[in-house]
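*Asks:* This is the structure I have questions about; it appears just below.
The values are calculated or read from the model by the stated rules, or taken from the named source; none is laboratory data. Because the structure is predicted, anything quoted here is derived from the model rather than measured. A quick note on method: Cβ atoms are made from the backbone with ideal geometry, for glycine too, and the neighbour counts reach across all protein chains shown. SASA here: full protein model, heavy atoms, side chains in, ligands and nucleic acids out. Shrake-Rupley method; radii C 1.70, N 1.55, O 1.52, S 1.80 Å.
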Amino acid sequence: MKSDKHRPRSPSAQAGHAPRKRFGQNFLVDRGIIAAIVQAIDPRPQDTLVEIGPGLGALTEPLMQRLEHLHVVEIDRDLIARLKKLHSRERLTIHEGDALAFDFGSLGPRLRVAGNLPYNISTPLLFHLASFAEQIWDMHFMLQKEVVERMVAAPGDSAYGRLSVMLQYRFYLDWLIDVPPESFDPPPQVQSAVVRLMPKPAAELEARDPDCLSRVVSAAFSQRRKMLRNTLKPLFSDTELEQLGIPLTSRAEELPLSSFVALANLLAARQP
Ligand code: SAM
């Protein structure tokens with residue numbers, strides 16, 4: 001058996017950077033997966049593309065080879081310093097700070113977003129990004145496979161929930177690539193997957209007030225095993241549910257997106 005001395009050093013060791021768990025740092029090292037992600041994104045030279053969490057540059061560098069300019073959002077100061085040394089401002093704009101607080105709208109229309117996301121904040125980050133959907137052209141993300149399962153789940157699936165309904169309302173979702181733990185340094189304890197999100201055209205967005213949709217979906221899934229007539233009691237009467245064709249015994253996990261939209265529109269119609 002080879003001693004540790006002869007093993008190839010990991011990219012984080014080569015860069016002298018100890019991966020930080022609190023920032024979800026699992027760096028991509030599998031060249032085949034990196035190439036497949038870049039191919040799926042298919043960047044064009046003049047695209048406005050922002051990468052969330054460039055880390056040690058596994059995706060950043062191949063993306064920069066195809067783009068005239070790239071934006072990145074990174075929170076780790078050591079990694080930011082490293083990126084600044086390696087790349088000119090003409091080619092790379094570094095937005096220093098928390099992607100959860102970043103104004104993606106500031107980058108203009110037809111924005112493309114990509115990243116191997118820090119798994120510890122991926123769900124709130126997806127909700128944050130959904131609020132900029134009007135300006136987004138597409139998004140490609142590496143996520144924990146369990147999160148992708150929740151995103152694409154259909155009514156009746158155990159993974160169907162608030163994330164499924166809110167993202168499926170706003171985006172077309174494509175599950176693209178499964179990625180095993182060995183593709184990262186250090187390997188995460190979970191399986192991963194790459195997913196594409198493309199905003200739906202305005203004509204397909206039938207909720208009159210997206211905030212009402214969000215209220216209804218949050219209330220319905222607050223206790224997913226309870227009957228909707230109970231979870232939605234503060235918002236709708238039994239008669240209203242029946243008028244919308246929603247059986248009084250049904251639960252949120254069985255309800256299709258169209259019923260959530262119908263409920264949201266009923267709520268919106270009542271507002272002054
Ligand atoms: N893109 C690199 C790769 O594929 O090897 C790194 C991916 S690593 C899973 C997640 C990256 O997101 C790290 O660079 C980490 O520092 C950064 N990060 C973590 N939390 C962040 C946040 N709240 N805002 C911006 N970047 C963050």
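*Asks:* Anyone know which of His71, His128, His17 comes out most mobile in the 10 Å Cα GNM of the chain?
*Replies:* Among His71, His128, His17, the largest mean-square fluctuation in the Gaussian network model of the chain belongs to His17.
*Asks:* Take peptides 178-185, 139-146 and line them up by average Cβ neighbours within 10 Å, highest first, as a rough protection proxy. Don't skip to the end; give the middle numbers.
*Replies:* On the way: 178-185: 16.4, 139-146: 22.1.
With the highest mean Cβ count within 10 Å placed first, the list reads 139-146, 178-185.
*Asks:* Right, next: Based on the mean of other beta carbon atoms within 10 Å per residue, what is the order of 119-126, 211-218, most packed first? Display every interim value, and only then the final one.
*Replies:* Numbers: 119-126: 17.8, 211-218: 20.0.
With the highest mean Cβ count within 10 Å placed first, the list reads 211-218, 119-126.
*Asks:* With the Cα gyration tensor of segment 210-269 giving a ≥ b ≥ c as the square roots of its eigenvalues, does the rule (a/c under 1.5 for rounded; else a/b larger than b/c for prolate; else oblate) give rounded, prolate or oblate?
*Replies:* rounded
*Asks:* Along segment 41-56, what does the Karplus equation 6.51 cos²θ - 1.76 cosθ + 1.60 (θ = phi - 60°) give for ³J(HN,Hα), rounded to whole Hz, x for Gly and Pro?
*Replies:* 5, 6, x, 9, x, 9, 4, 8, 10, 10, 9, 8, x, x, x, 8
*Asks:* Ok, one more. Using the charge dipole of the chain (Lys, Arg: +1 at Cβ; Asp, Glu: -1 at Cβ; taken about the Cα centre), state which of Ile94, Leu167, Ile246 has its Cα farthest towards the positive end.
*Replies:* So the residue we want is Ile94.
*Asks:* Pull out a ≥ b ≥ c, the square roots of the eigenvalues of the alpha-carbon gyration tensor of segment 4-204, then state rounded if a/c is under 1.5, prolate if not and a/b is larger than b/c, and oblate in the remaining case.
*Replies:* oblate
*Asks:* For a quick check: with amide H placed at 1.01 Å from N, whose amide H comes under 5 Å from Phe102's, ignoring anything fewer than 5 positions away on the same chain?
*Replies:* Under 5 Å from the amide H of Phe102 lies no amide H from a residue far enough along the sequence or on another chain.
*Asks:* Can you grab the distance from the C-alpha centre of segment 135-160 to the C-alpha centre of segment 240-269, Å, no decimals?
*Replies:* Answer, in whole Å: 22.
*Asks:* Let me ask something additional. Report the residue, chosen from Arg150, Arg89, Arg196, that carries the largest GNM mean-square fluctuation when the chain is represented by alpha-carbon nodes joined by springs under 10 Å.
*Replies:* Arg89
*Asks:* Let me ask something additional. Taking H as built 1.01 Å from N, whose amide H comes closer than 5 Å to the amide H of Tyr172, not counting residues under 5 places away?
*Replies:* Answer set, sorted by chain and number: Met198, Lys200.
*Asks:* Lysine pairs in segment 4-204 with Cα distance under 24 Å, only those 8 or more apart or on different chains: how many are there?
*Replies:* Final tally of qualifying lysine pairs is 4.
*Asks:* Please work out the C-alpha center-to-center distance from segment 99-131 to segment 67-87 and express it in whole Å.
*Replies:* What the calculation gives is 17 Å, centre to centre.
*Asks:* Which parts of segment 73-109 would a label at Ala18 reach, counting a residue when its backbone N lies under 16 Å from a point 7 Å out along Cα-to-Cβ?
*Replies:* Those under the cut-off are 77-79.
*Asks:* In whole percent, what relative contact order does segment 4-204 give with Cα contacts below 8 Å and a gap of six or more residues?
*Replies:* Answer for segment 4-204 is 21 percent.
*Asks:* Pop out the carbon and sulfur fraction of the accessible area of segment 110-248 as a percent, whole number, probe 1.4 Å.
*Replies:* 50
*Asks:* Sticking with this one: In terms of modelled amide H atoms, which long-range or inter-chain residues lie less than 5 Å from the amide H of Ser192?
*Replies:* The answer is Lys145, Val179.
*Asks:* Continuing with this model, one more query. Taking 7 Å along the Cα-to-C-beta vector as the label spot, tell me the Asp157-Arg270 distance in nanometres, rounded to one decimal.
*Replies:* Taking the two extended label points, one gets 3.1 nm.
*Asks:* Then there's this: Which whole-Hz couplings ³J(HN,Hα) result when phi for each residue of segment 242-252 is put into the Karplus expression 6.51 cos²θ - 1.76 cosθ + 1.60, θ = phi - 60°, listed in order with x for Gly and Pro?
*Replies:* Taking θ as phi minus 60°, the curve returns 5, 4, 8, x, 9, x, 5, 8, 6, 10, 3 Hz for segment 242-252.
*Asks:* Report Glu242's accessible area, 1.4 Å probe, all protein chains in place, as a number in Å² to the nearest 10.
*Replies:* So the heavy atoms of Glu242 present about 110 Å² to solvent.
*Asks:* For the chain, what is the accessible area per residue in Å², given a 1.4 Å probe and the full set of protein chains?
*Replies:* The answer is 51 Å² per residue.
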